[in-house]
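Heads up: the structure comes next, in structure tokens.
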Amino acid sequence: MEGSESGEQFLHRKYKDLNTDPTVVSAANRHARRLGMEPPEKDDYGTRIKNYLDRLSEIVNPPKVAGEPDTEQERKRDRNLSMLKTALYNNFVIKPGNIPESYFDAIKRKHREEGYGDIEIPDDYRRELSETIIADQRNSLDNWVDYLVSDDAKYPNWLKYLAFRSVLRMGRYDKQRKTFTERTSGGGTVSPFPELNREALSIVLGDMEKKNLATKESQSSRLDLDFTSRFDISLEAKQKYMQSLDNGNFAQAYALAIEEFKPIAEELLQITQGEWVRYPRGSDHLPLVRSISNYGTGWCLRGEATAQRYLTRDKNDLFVYYSLDLNGKPTVPRVCNRKSQF
């Protein structure tokens, strides 16, 4: 019987260059020396990758030193986390000069299509739009980092690495195609990083771990996988999901999970009775963001910086239609319209 595959073996198979990446080699060797061990050889990729993952874990969750106060451990953790985020911003968040002109052209076109005529976007407004894009990307990236390093994310290090490395390549969710777009290699993607759906993430990573730990002979029967056994999904979706597990394609599996885990339940979608709520221009954006954050609307307003820009900088009145929930309260966001000052 052919045995199961370790998480480190899986990562080596998926990312062929991981074992020889200079950053991985340096971190793995440093971790080994700290433990009083010889650095692993190149062909011992399992140990090298494990040491690297352990080193990353120590950075974001530094071990407590005997006699050291808890506040010192927290200080180290906050410092290391801040340094990690800064490095991620520098490498993966779009730079102002890389924002494509097509983004501003789309704003002009939308303005024209809504009957407000042709406009030019002044430099100061371009800067604010750029700052909004950058802020939303940073915030969406922070959501993943903060969760994956928290005690709530009870996943093996290799699964956390797989998820986060995948997220760094994922763009917006295309509701028509039911897939995530891929971020451009040149750093010109303007959309935030994917929304963190903890339930969908839990199901996907749990199933990936189950598949990885299962023996090859038991792969023919996967009825215990959470996604395919707990949810009434189509045969096509099931086949795509199984294929994504076989290929270790986190982006595809996560997209399928998000599509099936519609926060707005089907029974709620049948309810159309509700009421409009006005969010006046210049008002606090947080009540709006909080009211839609638990639902898969696909609206860009889930980004705090974007919502704030709509209400304050652009001086729009926003009108959201909330249908009734099962308790008869208007809490389910369905439609959003804006009234411009222009």
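Residues of the stretch 33-46 that are surrounded by fewer than 19 Cβ atoms within 10 Å (Cβ to Cβ) and either touching a Pro at 6+ places or on another chain (Cβ under 8 Å) or outside any helix (DSSP H, G or I) (or both): ARG33, LEU35, GLY36, MET37, GLU38, PRO39, GLU41, LYS42, ASP43, ASP44.
Candidates are the residues of the stretch 311-324 that are crowded, with 16+ Cβ neighbours inside 10 Å and in a loop (DSSP other than H, G, I, E, B); the one that is modelled with the highest pLDDT is ASN316. Within the stretch 168-180, being buried (at least 16 other Cβ atoms within 10 Å of the Cβ) and without any contact (Cβ under 8 Å) to a residue 40 or more places away in the chain holds for GLY171, ARG172.
Scanning the stretch 240-261 for any residue that is modelled with pLDDT of 85 or more, under 15 Å from the mean Cα position of the chain (by Cα), closer than 29 Å to PRO333 by Cα and of a type in the set (S, T, N, Q) turns up at least one such residue. Of ILE119, ILE133, ILE94, all but one fail to be β-branched (Val, Ile, Thr), assigned to a helix (DSSP H, G or I) and either surrounded by fewer than 16 Cβ atoms within 10 Å (Cβ to Cβ) or more than 11 Å from the chain's Cα centre (by Cα) (or both); the exception is ILE133. When ARG222 is tested against the conditions (1) in a strand (DSSP E or B); (2) among the charged types (D, E, K, R); (3) modelled with pLDDT under 80, the lone failure is (1).
Based on what the data block shows, is VAL65 β-branched (Val, Ile, Thr), in a loop (DSSP other than H, G, I, E, B) and over 20 Å from PRO156 (Cα atoms)? So VAL65 fits the description; yes.
Looking at the stretch 71-79, can you tell me whether even one residue there is buried (at least 16 other Cβ atoms within 10 Å of the Cβ) and at pLDDT below 95? Checking the stretch 71-79: at least one residue is buried (at least 16 other Cβ atoms within 10 Å of the Cβ) and at pLDDT below 95. When the residues of the stretch 33-59 are filtered to those that are at pLDDT below 85 and among the acidic types (Asp, Glu), the one that is farthest from GLN73 (Cα to Cα) is ASP43. With respect to the conditions (1) surrounded by fewer than 17 Cβ atoms within 10 Å (Cβ to Cβ); (2) assigned to a loop (DSSP other than H, G, I, E, B), VAL190 falls short on a single one, namely (1). Restricting attention to the stretch 144-167, the residues being touching a Lys or Arg at 6+ places or on another chain (Cβ under 9 Å), free of Cβ contacts under 8 Å to residues at least 60 places away in the same chain and assigned to a loop (DSSP other than H, G, I, E, B) number 2.
The values are calculated or read from the model by the stated rules, or taken from the named source; none is laboratory data. Not measured: the values here are computed from a predicted model. Backbone-built Cβ (ideal geometry, glycine too); neighbour counts: all protein chains shown.
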